[in-house]
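Derivation of every value follows stated rules applied to the coordinates shown; laboratory data play no part. Just so you know, these numbers come straight off a predicted model, no measurement behind them. Because the Cβ atoms are built from the backbone with ideal geometry, glycine has one as well, and the counts that use them run over all protein chains shown.
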Amino acid sequence: MRISTSYLLNNLTRDIAEQFARMQRLSEQISTGKRLRKPSDDPLAVSRALAIRALKAGVAQHKANVDYAKDWLGATEGVLMKAHDVLADAADIALRAANGTFSDDERQAFAQEVDGLISELLGLANTQYDGRYVFAGLRTNTTPFSLVEDPADPGYPVVYQGMDGSREIEVEPGTIIQVNTNGGATFMQGVAAAGGRNLFQILTDLREHLLEGDGSPTFQADIADDIAGTQAAQDKIMNIVTGIGAKIRRLGRVSGQLSENEVELEALLSKAEDADVARAVTELKLQESVYKAALGAAASVMQPSLLDYLR
Amino acid sequence: MRSAFLGLEIARRALLTHQRALDVVAHNIANAATPGYVRREPVLAATEGFVVETGAGFKRPGTVGTGVEVARIKRVFDGFLESRIRQSGVTLGLWEGRHDALSQVEAIFGEPSDVGLADALNKFFAAWDELAKRPESIPIRTALVEEAKTLAAFFNQTTRGLRDLARDLDEGITTRIDEINSLASEIAAQNREIVRITAIGNDPADLKDKRDLAIARLSRLISIRAFEVGGGSVVIEVGSTELVRGDSVNELNFTSGTPLGEPIPAGEVEASRVSWSDDGSPVDIRGGEVGGLLQVRNGDLPTYYKDVENLIKALRDEINALHTAGFGLDGSQGAEFYLYDDATRVLSVSSVLDPDAGGDVSRVAASKTGEAGDGANALAIASLKDALTMSGGTVSFRGFYQQTIANLGTDARQAAYMVQVHEATLHQYTNNKDNLSGVAIDEEVANLMRYQRAYEAAARLATVIDQMLDTLINGTGIVGR
């Protein structure tokens with residue numbers, strides 16, 4: 001077969017350029033660690049990679065949401081445990097006042113102690129977390145509970161200015177949970193076992209009864225009511241705390257699941273778009289030797305000419 | 001009876017013939033690297049001999065040769081191969097044009113990326129989720145508005161990039177149309193010369209080389225059919241209309257289309273179009289780079305643009321529907337979130353919400369009840385991320401975008417693949433042509449020696465005959481001196 005000089009040279013330069021380009025692609029894969037640079041590199045894989053990235057972003061967001069919910073619920077739980085302690089202290093005082101025979105001065109002191117507990121409970125009900133009132137419902141920027149100090153009304157009623165409502169977040173695809181505990185329902189709703197009184201009323205009643213002392217004919221009966229009331233209030237708080245604890249445990253499981261998902265998605269993403277560096281390095285080595293061989297072949301084909309042998 | 005000088009005549013013919021053959025070899029060697037050069041071959045032939053009676057004893061007459069001549073100088077060329085090269089050039093040009101344009105579309109989308117549109121969409125929805133958790137927070141509202149502006153900037157960058165590309169493609173087509181017209185004029189001028197030279201009995205081989213080269217280049221640019229007619233002239237057709245006949249040219253005109261997103265004028269089928277200059281009728285283009293670029297300019301590009309614009313509008317509508325129903329931190333209601341200007345084609349966050357435009361982030365409607373701590377509306381907007389809002393409720397925003405990217409990838413990959421395939425085909429034909437018509441230096445050197453030796457021998461022959469005649473003229477008839 002006849003081989004023309006331009007055929008030879010064209011093919012050699014073309015082949016060498018092609019080998020070089022292949023080497024270039026491999027070294028690019030190695031240096032960037034990515035197999036996909038543009039959609040046409042592998043349209044399906046690129047579209048999958050985009051979908052996986054979206055899922056990953058979702059999982060990261062859900063993890064952040066779970067963490068936030070756990071923090072919020074944990075803070076709520078802590079406050080309610082303290083409220084439970086306050087009520088327990090009140091029950092304690094009521095028991096002591098019922099049993100012993102105390103002077104009016106001593107009962108005054110008990111009443112003052114209860115007064116302190118009332119403001120403590122008020123303070124707890126007005127707890128802020130993350131700059132927001134925990135028990136204000138949806139009205140998180142407003143101090144939810146305040147004492148209306150009216151000397152004419154020794155009852156010192158507590159008023160609720162929050163707005164009960166559900167503050168929800170998504171913790172798993174399609175799973176929305178309520179993270180807040182409503183202050184109105186917790187502190188202001190009457191407790192049936194305490195004669196329909198709310199938590200503050202139970203304490204203010206106790207204070208009033210202590211101030212009245214045994215001058216009142218119904219003193220013993222009143223104090224017994226108060227003891228039952230504080231216990232009922234403790235039960236109510238405990239129920240709420242138990243519910244929150246269950247939620248926190250559930251979120252712990254969700255969080256574990258999300259972490260697993262994150263690892264799986266990371267692996268999938270890597271499989272879709274990352275270069276197999278070990279293979280790329282091996283191929284590069286091979287390609288390098290092919291390239292060198294092509295150069296060598298070109299040199300040996302191009303070098304000799306009939307002209308070299310004619311004298 | 002033969003002349004005593006016949007030998008000298010034969011030697012003279014041999015000297016001239018081999019000198020001419022050496023000239024041909026020299027021309028080949030000189031043009032070994034000339035693009036499109038087709039090698040020449042001196043066809044040597046014995047000149048006509050004459051019959052003689054060789055003597056009484058022989059019954060049959062013999063033929064006495066009279067030497068050699070260059071019968072013709074052959075252009076070693078295969079017309080079929082040349083037409084294959086042109087045909088695969090047309091197909092390769094088409095895919096090259098598509099590949100070139102689609103690669104640029106890919107660059108505009110810039111996916112997959114850690115900082116692309118897909119990523120901005122993810123971050124945008126995550127920001128709504130954050131706001132759902134802390135609706136009272138001004139910093140989080142500000143962060144949301146910033147993410148929303150980033151997303152809008154990515155959308156605007158993409159649509160603007162596509163619109164600019166449409167203009168660039170028009171520019172690229174214009175350049176190529178100019179080149180086609182200038183090649184056509186070149187071919188027409190060569191036709192005229194070739195016809196003239198052929199008519200006086202010469203072979204305009206070098207002009208034919210140049211014309212073939214021009215036609216091959218033309219075939220890469222646009223779908224053509226070329227055929228030779230009488231007198232050595234070539235006719236070139238695009239579609240079924242003649243671009244070149246003889247020395248006359250019907251030029252092509254290009255009309256830039258309307259910008260992307262704007263309607264095609266009434267009565268026109270395609271945005272950008274090529275027409276014949278004589279009657280303004282559309283040119284039937286089936287291939288070549290111009291064909292490929294036109295396909296993308298009039299077909300693919302508007303589709304991708306429409307996809308992105310549909311995504312922008314659906315996103316705006318869905319978000320605004322929820323946003324206008326919600327309440328801002330300040331109790332305000334009814335503010336739109338995203339605005340899309342149909343004239344400038346720019347997506348922007350409403351200036352009411354954007355602090356940089358004198359707005360107030362507290363007007364972002366995160367709340368459904370008007371209470372500060374209520375993030376229900378933000379949660380509803382965040383949930384749009386997976387809602388089936390596009391393509392008649394079959395796919396989410398992000399799913400739709402992924403489909404668009406997958407379509408683009410598939411189109412660009414097909415183009416890249418077809419370029420490879422047709423490059424290989426064209427390469428094969430070009431190789432065949434090179435091997436047939438290209439100059440092989442070693443071969444020419446061998447021919448150089450062949451003709452040189454023949455020349456030397458012919459010169460020696462002349463010497464021999466001269467000596468012979470010397471003997472005859474000067475050495476005889478001296479007996480009587």
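Below are the figures for this structure:
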{"read-out": "DSSP H segments from chain B that extend 15 Å or more along their own axis, Cα-based, with Kyte-Doolittle mean of 0.0 or above", "value": "B:6-30, B:117-133"}
{"read-out": "Cα-based helix-to-principal-axis angle, A:43-99 vs chain A, degrees rounded to 10", "value": "20 degrees"}
{"read-out": "Surrounding net charge for B:N191, when Lys and Arg each add one and Asp and Glu each subtract one, Cβ distance under 11 Å", "value": "+1"}
{"read-out": "Net lengthening on full extension, A:Q220/A:Q178 (0.36 nm per residue, minus Cα-Cα)", "value": "10.9 nm"}
{"read-out": "Overall form of the protein assembly as shown per C-alpha gyration tensor (a/c, 1.5; a/b vs b/c)", "value": "prolate"}
{"read-out": "Positive-pole candidate from A:L117, B:T258, B:A4, dipole of the protein assembly as shown, charges at beta carbon", "value": "B:A4"}
{"read-out": "B:V64 paired with A:E149, simple spin-label distance in nm, labels 7 Å along Cα-to-beta-carbon", "value": "15.3 nm"}
{"read-out": "Helix A:104-125 vs. chain A, principal-axis angle (Cα, 0 to 90°, nearest 10)", "value": "20 degrees"}
{"read-out": "Ranked list, fewest to most other Cβ atoms within 10 Å of each Cβ, for B:F337, B:F77", "value": "B:F77, B:F337"}
{"read-out": "At R0 = 25 Å, FRET efficiency that the Cβ-Cβ distance of A:A88 and A:R253 yields, to 0.05", "value": "0.20"}
{"read-out": "Point-charge dipole on Cβ atoms (K/R +1, D/E -1) for chain A, about Cα centre, debye to 20", "value": "3460 debye"}
{"read-out": "Under Karplus coefficients 6.51, -1.76 and 1.60, residue-wise ³J(HN,Hα) of the stretch B:367-379 in Hz, glycine/proline x", "value": "9, 9, 10, x, 7, 5, x, 8, x, 4, 6, 4, 5"}
{"read-out": "Euclidean distance of C-alpha centroids, the stretch B:152-180 and the stretch A:98-124, integer Å", "value": "83 Å"}
{"read-out": "Per-residue average of Cβ from other chains inside 10 Å of B:371-382", "value": "5"}
{"read-out": "Span from the the stretch B:420-456 Cα centroid across to the the stretch B:72-100 one, whole angstrom", "value": "18 Å"}
{"read-out": "Potential extension, A:V159-A:I30 segment - 0.36 nm per residue separation minus Cα distance", "value": "39.6 nm"}
{"read-out": "B:D330 versus B:T369: modelled label distance in nm, points set 7 Å from Cα along the beta carbon direction", "value": "2.3 nm"}
{"read-out": "About the Cα centre, charge dipole magnitude for the stretch B:428-474 (Lys/Arg +1, Asp/Glu -1 at Cβ), debye", "value": "80 debye"}
{"read-out": "Relative contact order [Cα under 8 Å, 6+ residues apart], chain B, whole percent", "value": "22 percent"}
{"read-out": "Farthest toward positive dipole pole in the protein assembly as shown [+1 Lys/Arg, -1 Asp/Glu at C-beta], among B:N298, B:G331, A:A21", "value": "A:A21"}
{"read-out": "Lysines with Cα under 19 Å of A:K38, excluding same-chain neighbours fewer than 8 positions away", "value": "A:K271"}
{"read-out": "Estimated FRET transfer efficiency (B:A46, A:K292; beta-carbon r; R0 60 Å; 0.05)", "value": "0.65"}
{"read-out": "Chain B, dipole about Cα centre (Lys/Arg Cβ +1, Asp/Glu Cβ -1), debye to the nearest 20", "value": "2600 debye"}
{"read-out": "Positive-end residue, chain B charge dipole about Cα centroid, Cβ charges, pick of B:S351, B:T425, B:G65", "value": "B:G65"}
{"read-out": "Mean Cα-pair separation over length for chain A, i.e. relative contact order, pairs under 8 Å, 6 or more apart, %", "value": "28 percent"}
